[in-house]
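Visitor: Mind having a look at this structure? Questions to follow.
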Number of protein chains: 2
Amino acid sequence: MVRVVVIGGGAAGASAAARARRLDPSAEVTLIERGSMITHAPCGMPYAIGGLVKSQDDLMTYSPEEFEKERNIKVLIRSEVVDVDVEKRNVTVKRGGSIEKIAWDKLVIATGAKPLVPKIPGVELKGVLTMRHPDEVPSLKGHLEKAKTVAVVGGGYIGVEMSEVMLEMGKKVLLFEMFDQVLPAALDPDVAALVAEEMKARGVELHLGEKVVEFRGDDHVNKVVTEKGEYSVDEVLLAVGVRPDVDLAVRTGAKLGETGAVYVNEYMETTVPDVYAAGDVAEKVHRLTGRRVWIPLAPTANKEGQVAGGNAVRSRVLKFPGVVGTAVTKFFNLYIARTGLSEREAAQLGFKTQSALIKARTKAHYMPGGGVVHVKLVAEESTGRILGGQIVGGSQVVASYADILAVALQSGYTVSDLFFSDIGYMPDTAPVWHPLIVAARVLSRGKL
Amino acid sequence: MVRVVVIGGGAAGASAAARARRLDPSAEVTLIERGSMITHAPCGMPYAIGGLVKSQDDLMTYSPEEFEKERNIKVLIRSEVVDVDVEKRNVTVKRGGSIEKIAWDKLVIATGAKPLVPKIPGVELKGVLTMRHPDEVPSLKGHLEKAKTVAVVGGGYIGVEMSEVMLEMGKKVLLFEMFDQVLPAALDPDVAALVAEEMKARGVELHLGEKVVEFRGDDHVNKVVTEKGEYSVDEVLLAVGVRPDVDLAVRTGAKLGETGAVYVNEYMETTVPDVYAAGDVAEKVHRLTGRRVWIPLAPTANKEGQVAGGNAVRSRVLKFPGVVGTAVTKFFNLYIARTGLSEREAAQLGFKTQSALIKARTKAHYMPGGGVVHVKLVAEESTGRILGGQIVGGSQVVASYADILAVALQSGYTVSDLFFSDIGYMPDTAPVWHPLIVAARVLSRGKL
């Protein structure tokens with residue numbers, strides 16, 4: 001009987017535990033989570049803070065009790081793993097006042113990521129908030145509800161989503177981003193400009209290319225200081241990025257990769273025998289470039305968890321092939337999706353690229369209810385191979401455009417392959433020349 | 001200077017003419033259309049009849065005048081090609097009262113399809129209507145507006161879409177389908193049952209497995225007679241299918257394929273030198289099976305037109321790789337999409353299949369506004385290769401699920417390849433386990 005211990009009850013950890021149980025009914029599976037919930041969805045936090053989702057508990061798929069009962073997995077919540085012993089094969093768990101040791105034959109580390117907190121003077125002041133775990137929702141909500149003016153530091157996914165939520169809550173929102181565009185890790189400047197335009201139109205005071213250097217206040221923050229000015233604020237949401245939470249992995253002796261996340265192979269094995277890592281704590285392989293990257297997202301975490309959990313009980317039964325960087329966000333009714341490499345990323349990696357940025361509609365021109373959509377397609381100049389796509393548009397459907405492109409990218413599609421793809425049509429769901437097909441045609445520079 | 005004549009101003013013909021012009025600025029390009037409009041969209045007809053689209057003119061992308069002026073293409077509307085002479089390389093065109101001959105070096109036949117009219121007694125009565133060309137919209141509208149009860153004969157795409165439109169117009173709708181399910185060419189019975197359920201809930205009187213054998217009336221139809229009963233009606237919409245309009249192609253001596261449509265190779269060349277065919281008149285190759293099929297749809301017509309027009313002026317510059325049968329329709333807010341082979345089709349072709357039919361949501365469980373979606377995934381048992389997918393759900397987005405699958409199918413994906421695809425997520429656009437990924441997991445029967 002194999003004993004599997006999984007550290008972390010989020011997407012990767014819960015998937016790993018469930019998969020191990022499914023593949024080996026006799027295994028003893030223990031899931032250890034620091035917070036109060038498992039199978040939780042941090043991606044839903046903005047909408048729980050904003051009240052669209054009633055309670056942070058709604059962000060769980062299973063309660064710890066259900067998971068224990070239905071899956072026959074031992075679930076320890078509010079339990080912190082404070083040490084890992086690879087020699088003796090156990091973890092030390094702090095739970096309430098007590099400490100216990102739990103033995104494992106296979107260990108899955110799914111400790112996730114944590115917010116990056118830059119070393120800026122005043123960052124320790126009250127009212128300088130970060131967000132990561134649904135457990136924090138009541139506290140964040142309490143802080144933000146009484147604020148009139150909120151500074152968002154960082155124009156990434158969380159910054160964009162929280163700007164919407166805070167405008168909906170009636171706040172004045174100042175967003176500071178040190179790069180001169182929003183979503184710098186996701187989008188090229190031309191596409192990001194479309195998002196920035198909508199953010200400004202909705203009332204966000206956008207400060208792009210403006211680095212925050214200090215927070216001021218006595219006990220509680222009341223001022224954001226940048227290289228360019230000083231701004232009075234009531235609360236600060238720090239959303240400058242996340243980093244992998246590798247502390248426990250390091251204690252096992254597992255090697256970290258060049259990205260700073262835990263190095264794993266396609267079986268989600270770390271460099272330490274019988275120790276797996278999955279989810280945001282682990283490094284990934286980019287399927288387009290073969291390079292090692294760190295793109296911490298929930299769907300990847302789920303699948304990696306599944307692979308790690310499966311392999312923990314049946315050695316090397318599953319392989320994780322990597323990612324192509326598909327990601328989605330939204331600002332009010334503007335949906336933003338991307339996959340593959342941006343043109344800038346591609347250039348940094350040495351690709352010679354061509355791109356096209358087209359404007360189209362999400363339905364036939366004569367049908368009511370269609371939204372405008374912008375598609376940017378990036379291809380390698382010499383081969384026509386598609387390297388990436390970025391889509392911004394006024395309909396949920398544009399998120400799927402990135403999915404279509406993701407599958408195309410994974411498969412090594414050229415612009416011509418995309419053009420000739422059998423993408424469907426009816427007037428209420430797409431134009432007869434689908435925006436992706438139009439983008440391919442334009443990008444072909446007269447060849448199609 | 002090459003003279004290109006294109007017969008038919010619909011999707012394929014207009015694309016062919018535009019492409020020939022684009023690739024050869026010196027070519028003399030003539031587009032000949034029987035009706036009054038070109039670049040028209042028959043797929044929008046239901047919504048023009050129902051009034052959601054104001055006028056049939058809105059269904060055109062370009063007016064004949066714009067096309068002439070902007071593209072420098074000679075456009076002849078209300079002009080019927082009554083003969084083709086391959087020896088002398090000309091077409092005989094009837095235009096108003098006059099007849100003229102137009103010479104060609106390259107001929108593109110894009111005559112499309114026409115409604116199938118079964119040989120049923122009474123089918124020639126007034127009030128037994130078919131629909132194909134936007135020109136017919138005012139007449140169809142006139143007929144249907146004064147009717148109280150309308151019989152729709154045929155439960156295919158047009159039958160389903162027109163049922164919605166006529167319910168919206170306040171009619172009583174009886175739908176007769178000789179097969180025992182709606183959308184028999186598109187869906188398996190289990191998925192079609194979901195559509196039928198919604199149709200009944202909205203008030204369509206569904207007569208499945210009930211063959212119409214006669215229409216009765218003095219001058220105007222007033223009764224539909226089936227094997228099972230007689231029904232009083234005011235108008236009949238005959239929508240039992242279409243067939244390729246091959247008359248002119250046959251006159252050129254072009255070979256017809258086994259499907260009855262014009263045989264073409266990947267260059268859209270017919271078996272007659274310098275004669276091309278594109279769009280609904282032409283046979284296609286199914287990319288999954290390599291078999292020749294006839295699946296007449298607008299996006300295919302557009303692309304085939306582009307290939308035919310390009311090759312007409314620059315020999316064999318473009319290749320059309322074929323189709324996988326992606327198609328979309330809707331009934332009110334229920335969107336229906338499919339790609340590849342249905343389970344029944346696959347079985348008929350000798351595949352041993354496995355399938356999964358799952359129910360999921362289009363957004364994270366905790367987000368408001370998500371719809372229920374059903375995904376059926378069909379795979380080959382021995383290899384796990386995905387053969388097809390059918391999706392029915394309460395959101396426009398599910399049409400894109402078929403597109404994602406279409407690209408996967410074209411690329412030879414297995415169930416495992418689909419499962420590990422990097423499909424995106426944010427709570428407002430998809431669940432973290434995307435419905436397609438869930439379907440793949442279920443279909444893997446415990447392997448994933």
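The values are calculated or read from the model by the stated rules, or taken from the named source; none is laboratory data. Note that the coordinates shown come from a computational prediction; the quantities given were computed from them, not determined experimentally. Note that we place each Cβ from the backbone using ideal geometry, even for glycine, and neighbour counts take in every protein chain shown.
Visitor: Just to be sure before I move on: is B:LYS94 free of Cβ contacts under 8 Å to residues at least 60 places away in the same chain and either more than 14 Å from every other protein chain (Cβ to nearest Cβ) or within 25 Å of B:VAL242 (Cβ to Cβ) (or both) in the structure I sent?
Guide: Details: free of Cβ contacts under 8 Å to residues at least 60 places away in the same chain: yes; either more than 14 Å from every other protein chain (Cβ to nearest Cβ) or within 25 Å of B:VAL242 (Cβ to Cβ) (or both): yes.
It is true that B:LYS94 is free of Cβ contacts under 8 Å to residues at least 60 places away in the same chain and either more than 14 Å from every other protein chain (Cβ to nearest Cβ) or within 25 Å of B:VAL242 (Cβ to Cβ) (or both).
Visitor: Can you pull out every residue in the stretch B:422-438 that is at the interface with chain A (Cβ under 8 Å from one of its Cβ atoms) and either touching a Phe, Trp or Tyr at 6+ places or on another chain (Cβ under 7 Å) or farther than 19 Å from A:GLY310 by Cα (or both)? Step through it out loud before you land on a result.
Guide: Within the stretch B:422-438, the subset at the interface with chain A (Cβ under 8 Å from one of its Cβ atoms) is B:422-430, B:432-434, B:437.
If the condition is that a residue be at the interface with chain A (Cβ under 8 Å from one of its Cβ atoms) and either touching a Phe, Trp or Tyr at 6+ places or on another chain (Cβ under 7 Å) or farther than 19 Å from A:GLY310 by Cα (or both), then B:ASP422, B:ILE423, B:GLY424, B:TYR425, B:MET426, B:PRO427, B:ASP428, B:THR429, B:ALA430, B:VAL432, B:HIS434, B:ILE437 are the ones that fit.
Condition check ((1) without any contact (Cβ under 8 Å) to a residue 40 or more places away in the chain; (2) aliphatic (A, V, I, L, M); (3) out of contact with any strand residue (DSSP E or B) (no Cβ under 9 Å at 6 or more places or on another chain)) across all residues:
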position: A:VAL275; (1), (2), (3): no, yes, no
position: A:VAL281; (1), (2), (3): no, yes, no
position: A:ARG287; (1), (2), (3): no, no, no
position: A:VAL323; (1), (2), (3): yes, yes, no
position: A:THR329; (1), (2), (3): no, no, no
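Visitor: Follow-up question, since we're still on this one. Output the qualifying pairs, or none if there are none: Cβ atoms under 7 angstrom, residues six or more apart or on different chains, first residue in the stretch B:381-396 and farther than 27 Å from B:ASP428 by Cα, second residue of a type in the set (Ser, Thr, Tyr).
Guide: Here the result reads B:GLU381/B:THR353; B:THR383/B:THR414; B:GLY384/B:THR414; B:GLY384/B:SER416; B:ARG385/B:THR414; B:ILE386/B:TYR413; B:ILE386/B:THR414; B:LEU387/B:THR353, each pair linking the stretch B:381-396 to a residue that is of a type in the set (Ser, Thr, Tyr).
Visitor: Let me ask something additional. Hey, among A:THR339, A:THR300, which residue is facing chain B (nearest Cβ under 10 Å) and free of Cβ contacts under 8 Å to residues at least 24 places away in the same chain?
Guide: Numbers: A:THR339 fails: free of Cβ contacts under 8 Å to residues at least 24 places away in the same chain.
From the options A:THR339, A:THR300, the qualifying one is A:THR300.
Visitor: A further question follows. Return the only residue of A:PHE332, A:PHE320 being in contact with an Asp or Glu (Cβ under 9 Å, 6 or more places away or on another chain), over 26 Å from A:GLU197 (Cβ atoms) and among the aromatic types (Phe, Trp, Tyr).
Guide: A:PHE320
Visitor: Now, a different point. With B:ARG344, B:ARG361, B:ARG441 as the choices, which residue is more than 28 Å from the chain's Cα centre (by Cα), surrounded by fewer than 24 Cβ atoms within 10 Å (Cβ to Cβ) and either farther than 16 Å from A:ASP422 by Cα or within 11 Å of chain A (Cβ to nearest Cβ) (or both)?
Guide: Within the list B:ARG344, B:ARG361, B:ARG441, the selection yields B:ARG441.
Visitor: Among A:TYR231, A:TYR157, which is aromatic (Phe, Trp, Tyr), over 19 Å from A:GLY393 (Cα atoms) and not assigned by TED's automatic domain parsing to the domain that holds A:SER63?
Guide: Working: A:TYR157 fails: over 19 Å from A:GLY393 (Cα atoms).
So the residue among A:TYR231, A:TYR157 that is aromatic (Phe, Trp, Tyr), over 19 Å from A:GLY393 (Cα atoms) and not assigned by TED's automatic domain parsing to the domain that holds A:SER63 is A:TYR231.
Visitor: Has the stretch B:435-443 got any residue that is in a strand (DSSP E or B), in contact with a strand residue (DSSP E or B) (Cβ under 8 Å, 6 or more places away or on another chain) and of a type outside the set (A, V, I, L, M)?
Guide: no
Visitor: Which pairs do you get when a residue that is outside the structural domain of B:TYR157 (by TED's automatic domain parsing), found in the stretch B:36-47, comes within reach of a residue that is acidic (Asp, Glu) and in a loop (DSSP other than H, G, I, E, B), reach meaning Cβ atoms under 8 angstrom, with the pair 6+ apart or on two chains?
Guide: Matching pairs, first to second residue: B:TYR47/A:ASP428.
Visitor: Looking only at the stretch A:365-411, how many residues end up being surrounded by fewer than 24 Cβ atoms within 10 Å (Cβ to Cβ) and within 18 Å of B:LEU405 (Cα to Cα)?
Guide: 1
Visitor: Now for a different question. Taking the stated definitions as given, is B:TYR425 assigned to a helix (DSSP H, G or I) and not aliphatic (A, V, I, L, M)?
Guide: On the way: assigned to a helix (DSSP H, G or I): no; not aliphatic (A, V, I, L, M): yes.
Considered against the rule, which asks whether it is assigned to a helix (DSSP H, G or I) and not aliphatic (A, V, I, L, M), B:TYR425 comes out as no.
Visitor: Name the single residue that is farthest from A:ASP190 (Cα to Cα) among those in the stretch A:382-415 being part of a strand (DSSP E or B) and in contact with a helix residue (DSSP H, G or I) (Cβ under 7 Å, 6 or more places away or on another chain). Before the answer, list the steps.
Guide: Step one: list which residues in the stretch A:382-415 are part of a strand (DSSP E or B), which gives A:385-393, A:414.
Now drop any that are not in contact with a helix residue (DSSP H, G or I) (Cβ under 7 Å, 6 or more places away or on another chain), which leaves A:386-392.
Values: A:ILE386: 18, A:LEU387: 17, A:GLY388: 14, A:GLY389: 13, A:GLN390: 10, A:ILE391: 11, A:VAL392: 11 Å.
Taking the candidates together, the pick is A:ILE386.
Visitor: Then there's this: Quick one: A:ALA379 ticks every box in (1) within 19 Å of A:LEU187 (Cα to Cα); (2) facing another protein chain (nearest Cβ under 7 Å); (3) touching a Leu at 6+ places or on another chain (Cβ under 9 Å) except a single one, so which number is it?
Guide: (2)
Visitor: Right, next: Restricting the stretch B:258-297 to residues that are among the small types (Gly, Ala, Ser) and surrounded by 23 or more Cβ atoms within 10 Å (Cβ to Cβ), which is nearest to the other protein chains (Cβ to nearest Cβ)?
Guide: Selected residue: B:GLY279.
Visitor: Would you mind telling me which numbered condition in (1) more than 24 Å from the chain's Cα centre (by Cα); (2) under 22 Å from B:SER315 (Cα atoms) B:GLU70 fails?
Guide: With (1) more than 24 Å from the chain's Cα centre (by Cα); (2) under 22 Å from B:SER315 (Cα atoms) applied to B:GLU70, the lone miss is (2).
Visitor: With the requirement that a residue be in a loop (DSSP other than H, G, I, E, B) and in contact with a Pro (Cβ under 7 Å, 6 or more places away or on another chain), what does the stretch B:1-40 give you? Reasoning before the result, please.
Guide: Quick first cut of the stretch B:1-40, residues in a loop (DSSP other than H, G, I, E, B) only: B:1-2, B:8-10, B:24-27, B:33-39.
Listed by number, the residues that qualify are B:MET37, B:ILE38.
Visitor: Go through the stretch B:41-73 and report how many residues are assigned to a loop (DSSP other than H, G, I, E, B), modelled with pLDDT under 95 and surrounded by 21 or more Cβ atoms within 10 Å (Cβ to Cβ).
Guide: Counting residues in the stretch B:41-73 that are assigned to a loop (DSSP other than H, G, I, E, B), modelled with pLDDT under 95 and surrounded by 21 or more Cβ atoms within 10 Å (Cβ to Cβ) gives 2.
Visitor: Sticking with this one: Looking only at the stretch B:288-310, decide whether some residue is within 17 Å of the chain's Cα centre (by Cα), in the same structural domain as B:ILE38 (by TED's automatic domain parsing) and among the basic types (Lys, Arg). Lay out the reasoning, then the answer.
Guide: Residues of the stretch B:288-310 that are within 17 Å of the chain's Cα centre (by Cα), as a first pass: B:292-305.
Now restrict to residues that are in the same structural domain as B:ILE38 (by TED's automatic domain parsing): B:292-305.
Those still in the list that are among the basic types (Lys, Arg) too: B:292, B:303.
There is at least one residue in the stretch B:288-310 that is within 17 Å of the chain's Cα centre (by Cα), in the same structural domain as B:ILE38 (by TED's automatic domain parsing) and among the basic types (Lys, Arg).
Visitor: Moving on to the next point. Taking the condition of being surrounded by fewer than 19 Cβ atoms within 10 Å (Cβ to Cβ) and outside any helix (DSSP H, G or I), how many residues in the stretch A:157-175 meet it? Before the answer, list the steps.
Guide: The first filter runs over the stretch A:157-175 and keeps only residues surrounded by fewer than 19 Cβ atoms within 10 Å (Cβ to Cβ), leaving A:168-170, A:172.
Next, from what is left, pick out any that are outside any helix (DSSP H, G or I): A:169-170, A:172.
Residues flagged as surrounded by fewer than 19 Cβ atoms within 10 Å (Cβ to Cβ) and outside any helix (DSSP H, G or I) within the stretch A:157-175 amount to 3.
Visitor: Next question, about the same structure. Taking the condition closer than 29 Å to A:GLU168 by Cβ, of a type in the set (D, E, K, R) and at the interface with chain B (Cβ under 10 Å from one of its Cβ atoms), does A:LYS330 pass? If you could, list the steps in order and put the result at the bottom.
Guide: Values: closer than 29 Å to A:GLU168 by Cβ: yes; of a type in the set (D, E, K, R): yes; at the interface with chain B (Cβ under 10 Å from one of its Cβ atoms): yes.
Yes: the conditions hold for A:LYS330.
Visitor: If you don't mind, another one. Considering only the stretch A:412-429, I want to know if a residue exists there that is closer than 17 Å to A:LEU341 by Cβ and in contact (Cβ under 8 Å) with a residue 60 or more places away in the chain. So that I can check it myself, show each step before the final result.
Guide: Of the stretch A:412-429, the ones closer than 17 Å to A:LEU341 by Cβ are A:412-415, A:418.
Going one step further and asking which of them are in contact (Cβ under 8 Å) with a residue 60 or more places away in the chain, we end up with none.
No, the stretch A:412-429 contains no residue that is closer than 17 Å to A:LEU341 by Cβ and in contact (Cβ under 8 Å) with a residue 60 or more places away in the chain.
The rows are residues; the columns are (1) at pLDDT 95 or above; (2) assigned to a strand (DSSP E or B); (3) surrounded by fewer than 17 Cβ atoms within 10 Å (Cβ to Cβ).
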{"position": "B:VAL75", "(1), (2), (3)": "yes, yes, no"}
{"position": "B:THR92", "(1), (2), (3)": "yes, yes, yes"}
{"position": "B:GLU100", "(1), (2), (3)": "yes, yes, yes"}
{"position": "B:GLY122", "(1), (2), (3)": "yes, no, no"}
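Visitor: Moving to a separate point now. Has the stretch B:24-43 got at least one residue that is more than 25 Å from A:TYR425 (Cα to Cα), within 14 Å of chain A (Cβ to nearest Cβ) and of a type outside the set (Lys, Arg)?
Guide: yes
Visitor: Tally the residues that are within 18 Å of A:PRO42 (Cα to Cα) and at the interface with chain B (Cβ under 8 Å from one of its Cβ atoms), restricting the search to the stretch A:303-323. Walk me through how you get there before you give the answer.
Guide: First pass over the stretch A:303-323, keeping only residues within 18 Å of A:PRO42 (Cα to Cα): A:303-305.
The next check asks that each one be at the interface with chain B (Cβ under 8 Å from one of its Cβ atoms); those that pass are A:303.
Total meeting the criteria: 1.
Visitor: Quick one: A:PHE419 ticks every box in (1) more than 7 Å from chain B (Cβ to nearest Cβ); (2) under 29 Å from A:VAL182 (Cα atoms) bar one, so which box is it?
Guide: (2)
Visitor: Something else about it: Only residues that are of a type in the set (Lys, Arg) and more than 23 Å from B:VAL285 (Cβ to Cβ): list them for the stretch B:353-386, please. First the steps, then the outcome.
Guide: Residues of the stretch B:353-386 of a type in the set (Lys, Arg): B:359, B:361, B:363, B:376, B:385.
Within the stretch B:353-386, B:LYS359, B:ARG361, B:LYS363, B:LYS376 qualify.
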